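A short worksheet on the structure shown next.
All of the numbers you see were taken from the coordinates with simple rules; none came from a lab. Keep in mind that this is a model prediction, so the values were computed, not measured. Note that each Cβ is placed from the backbone with ideal geometry, even for glycine, and that neighbours are counted across all protein chains shown.
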Amino acid sequence: MITHRYTSKVGALIGEDGIYSGSIMKIPTYTDFVIGRDPDECDLVISSDCKNVSRVHCSVAFDQMNNYYVIKDTSSNGTIVKTLGGEKTLIKHQTLKAHSGSVIYIGDDSNSFRLF
């Protein structure tokens, strides 16, 4: 459960689909925000029922100075990112720079988050 309020218009994820739908999660500047199934390793925990979500699936960092996000896949199944330029599937250890409005799909299309 996310317990803090978010007051800025940058550096956040908004749950689009899944158990976090409608939730806003602040991403600390220049710090990796880790998403996956392992509650000991991740800042945002996806249910262990989601078979395509890895223990440590991906991380998102916000570069406030340059106003973009860096998404890094650390999964076995890949992370899909939809940007204005199209859709990209990241494989393990691959990174991608993305901007507000891009959508990250974790495991499949039932867990998605919009960069805000």
key: Exposure proxy ranking, count of Cβ atoms within 10 Å, fewest first, for ILE46, ILE14   = ILE14, ILE46
ask   = Short version: what are the Cα gyration tensor semi-axes of region 47-91, square root of 5 times each eigenvalue, largest first, in whole Å?
value = 22, 14, 8
key: Max mean-square fluctuation residue, GNM over the chain, Cα-Cα springs under 10 Å, options GLY85, GLY15, GLY36   = GLY85
query = Rounded to two decimals, what is Rg over Rh for the chain when you use alpha-carbon atoms and the Kirkwood radius?
reply = 0.92
request  = Place a +1 charge on the Cβ of each Lys and Arg in the chain and a -1 charge on the Cβ of each Asp and Glu, then give the dipole magnitude about the Cα centre in debye, rounded to the nearest 20.
outcome  = 280
request  = Go through region 81-96 residue by residue and turn each phi into a ³J(HN,Hα) via Karplus (6.51, -1.76, 1.60, θ = phi - 60°); whole Hz please, and just put x for glycine and proline.
outcome  = 10, 9, 10, 4, x, x, 10, 9, 9, 7, 10, 3, 6, 7, 10, 8
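When only Cα pairs under 8 Å and 6 or more residues apart are kept, what is the percent relative contact order across region 30-115?
Relative CO of region 30-115 lands at 22 percent.
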ask   = Between HIS93 and ARG114, what length in nm is gained on full extension when 0.36 nm per residue of separation is reduced by their alpha carbon distance?
value = 5.5 nm
key: Charge dipole (region 23-96, unit charges on Cβ, about Cα centre) - positive-most of HIS93, VAL34, ILE46   = HIS93
